[in-house]
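Here's the structure we're looking at; comments come further down.
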Amino acid sequence: MKETRLGEFEEVILLLVGILGEEAYAFKIAEEYETQSGRATSIGATHSTLDRMEAKGFLKSEMGNATAERGGRRKRIFTITALGKRVLKESRDFRMSLWSQYPAFADKLNYLGAL
């Protein structure tokens with residue numbers, strides 16, 4: 001059986017793939033990670049995470065068109081699969097369940113959920 005849990009970094013990278021859409025290629029994902037999180041990541045860590053999540057079936061990739069800005073090289077564009085979306089939803093639901101049980105935030109989250 002394939003591993004279907006996400007680590008924190010994997011979860012964020014998977015979300016960024018969804019956010020970036022057609023611009024979801026490794027360099028752009030790493031750049032967006034740093035912008036959104038305020039933390040640095042290496043392109044190697046980004047590549048290995050993308051490859052690992054593709055092997056798990058959470059992502060798929062295809063080669064985009066060559067661009068002059070990349071010296072004629074093509075970009076490998078990632079998209080989230082149906083399994084990837086399901087795993088993201090399960091991760092979100094699990095975290096929200098935990099947050100709603102934490103007394104310091106439970107009332108605020110229950111209020112927001114009622115809106």
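Entry remark, the range 1-41: residues being farther than 24 Å from R73 by Cβ and not small (G, A, S) number 15 in total.
Considering only residues that are hydrophobic (A, V, I, L, M, F, W, C) and part of a helix (DSSP H, G or I), which ones fall in the range 23-47?
Answer for the range 23-47, where residues must be hydrophobic (A, V, I, L, M, F, W, C) and part of a helix (DSSP H, G or I): A26, F27, I29, A30, I43, A45.
In the range 90-106, the residues that are free of Cβ contacts under 8 Å to residues at least 40 places away in the same chain and under 18 Å from L15 (Cβ atoms) reach residues that are surrounded by fewer than 10 Cβ atoms within 10 Å (Cβ to Cβ) and not hydroxyl-bearing (S, T, Y) with C-beta atoms within less than 9 angstrom, at least six apart or across chains, in these pairs: M96/G113.
Taken together, the residues in the range 57-72 that are surrounded by 12 or more Cβ atoms within 10 Å (Cβ to Cβ) and modelled with pLDDT of 70 or more amount to 6.
Looking across L98, L16, L20, L50, one residue alone is in a helix (DSSP H, G or I) and exposed (fewer than 12 other Cβ atoms within 10 Å of the Cβ). It is L98.
The values are calculated or read from the model by the stated rules, or taken from the named source; none is laboratory data. Treat the numbers as computed from the prediction; the structure is a model and nothing was measured. Virtual Cβ from ideal backbone geometry, glycine too; neighbours counted across all protein chains shown.
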